[in-house]
Amino acid sequence: DPLGRALAVIEAGMGFGFLAIVIGYLPVLFQAFSRREVMIALLDARAGSPPSAAQFLLRLGASRNIGSVDSFLAEWERWAAELLESNLSFPLLSYYRSQHDNQSWLAALTAVLDSCALLIVGIKGHNPYQAQLTFAMARHAAVDLALVLKTPPINPEPDRLPDDKLQRLRELLREAGLEIAEGPAVDAKLTELRGMYEPFINALAERFLFAVPPILPDTTEADNWQRSAWQPRTPGLERLAVPEGDQHF
């Protein structure tokens, strides 16, 4: 009858509409994924593969230009905001892994939070304001993503930065030319800052079967850009510069 034919036409139209929504949904996901991965790739030469706060700060110290960190952290503040917006709107994106098995959005977020915490309380001679802004945005992303993915905070075991590793990190940073803040008050503040995000990062890592990168790795691996299937491992960044005294270029 006419009512049955009308319902059949409406149902067929809804099927075509649903198919169009699915097809249109995929480019949106890919664009959000692509924007996320571009910034993660930029960490390769700056913080290692996988990224770590120690490598980021050591390479920053080697640059002899600690003031340049603010513009970099401002970019990561925006990246954390985009990560929060896209992954809250499309939680499925959280499951999209990076192209390299030693990179991930969670490792990048962790390295940024660790670096900001150390810059805020542990490094002298630079204004910590931008590090505070980036820390706040990155911590916001970690907390809200843990909430929407229903992963209650879990304290990391063992401690990611015990006293002996903290002292070793300070020695390395001092050798790299950075001015290091020390003392019981500094240690207590660093512990407080880490307690604001580490339980959420650890919970997300267990959910996604990720390994949370250490603050100070036991060994230093070659960066992804140094590796190739056709050539031997290339030297690090310090070997790319023209030697002093060579004015050919």
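The values are calculated or read from the model by the stated rules, or taken from the named source; none is laboratory data. It should be emphasised that the depicted structure is a prediction, and the values quoted were computed from it without experimental measurement. Every residue, glycine among them, receives a Cβ derived from its backbone with ideal geometry; neighbour counts consider all protein chains shown. We work out accessible area using only protein heavy atoms, side chains counted, and drop any ligands, DNA or RNA first. Shrake-Rupley method; radii C 1.70, N 1.55, O 1.52, S 1.80 Å.
Among residues of region 217-234 being touching a helix residue (DSSP H, G or I) at 6+ places or on another chain (Cβ under 6 Å) and not in a loop (DSSP other than H, G, I, E, B), the one that is farthest from Val148 (Cα to Cα) is Trp225.
Residue check: is Glu77 in contact with a Leu (Cβ under 6 Å, 6 or more places away or on another chain), within 20 Å of Leu133 (Cβ to Cβ), among the charged types (D, E, K, R) and outside any loop (DSSP other than H, G, I, E, B)? Here the answer is yes, as Glu77 does meet what is asked. Note on region 181-193: residues that are touching a Leu at 6+ places or on another chain (Cβ under 9 Å) and open to solvent by less than 20 Å² (accessible area, probe 1.4 Å) total 2. For region 199-219, the criterion of being modelled with pLDDT under 90, closer than 22 Å to Ser63 by Cα, of a type in the set (Ser, Thr, Tyr) and surrounded by 11 or more Cβ atoms within 10 Å (Cβ to Cβ) is met by no residue.
Within region 103-114, the set of residues being in a loop (DSSP other than H, G, I, E, B) and hydroxyl-bearing (Ser, Thr, Tyr) comprises Ser104 only.
Annotation note: of Ala80, Ala62, Ala8, Ala20, the sole residue that is at pLDDT 95 or above and either farther than 30 Å from Leu147 by Cα or in contact with a helix residue (DSSP H, G or I) (Cβ under 6 Å, 6 or more places away or on another chain) (or both) is Ala80.
Sub-7 Å Cβ pairs linking a first residue in region 107-129 that is open to solvent by less than 10 Å² (accessible area, probe 1.4 Å) to a second residue that is in a helix (DSSP H, G or I) and among the charged types (D, E, K, R), at least 6 apart or interchain, are Leu113/Arg139; Ala117/Arg194, ordered by first then second residue.
Whenever a residue of region 18-35 is within 15 Å of Tyr96 (Cα to Cα), its partners that are of a type in the set (A, V, I, L, M, F, W, C) and open to solvent by less than 60 Å² (accessible area, probe 1.4 Å), lying with C-beta atoms within less than 7 angstrom and at least six residues away or across chains, give the pairs Leu29/Phe90; Leu29/Leu93; Ala32/Phe90; Ala32/Leu93; Phe33/Leu93.
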